Amino acid sequence: MWQSHKLKILKSKFSSSIKAKKLLHFSHNDEQIEKVTNVMEKGGYVYIITNKNNTVLYTGVTSDLSKRIAEHKETIYKKSFTTKYNLDKLVYFEHFNLIIFAIEREKQIKAGTRKKKLDLINSLNPEWKDLFEDIIHW
């Protein structure tokens, strides 16, 4: 009884996210529900990185921005797109209180044109400075 009530509350809270709805739909016990809730309630970031010549863009999402950008800089994932194209310069990011909103924003940015991404970066970082130094000690 309590479990179904808790599920109803969570489903209404995260109703804007299809992914959240699916996760909650397949959660069958309190431990699974708690795990899904913790992930969704954790804040998140959407970010754009580029290479030293600013020719290739990558949009990503993470719950730990400084850690994720450090992973890009250290080329942890050797066969990844970001390693292949030497993308390690953080030029744009946004923070969200819920990770699901960061995921939705990532999809929105990825669906946009290159020009829209350039305009977004230029609106907040016209010099295309590597913002990693600003966030490294978070």
(request) Describe numerically, in nm with one decimal, the distance between label points set 7 Å from Cα along Cα→Cβ at residue 129 and at residue 115. (result) 2.9 nm
(request) List, in order, the whole-Hz ³J(HN,Hα) value for each residue of the stretch 100-113 obtained from phi through the Karplus relation with A = 6.51, B = -1.76, C = 1.60 and θ = phi - 60°; use x for Gly and Pro. (result) 5, 6, 5, 5, 5, 5, 4, 4, 5, 5, 4, 6, x, 6
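Laboratory data are not the source of any read-out in this text; all were calculated from the coordinates shown. This one's a predicted model, so the numbers in the text were calculated from it and none came from an experiment. For neighbour counting, all protein chains shown are included, and Cβ atoms are generated from backbone atoms with ideal geometry for every residue, glycine included.
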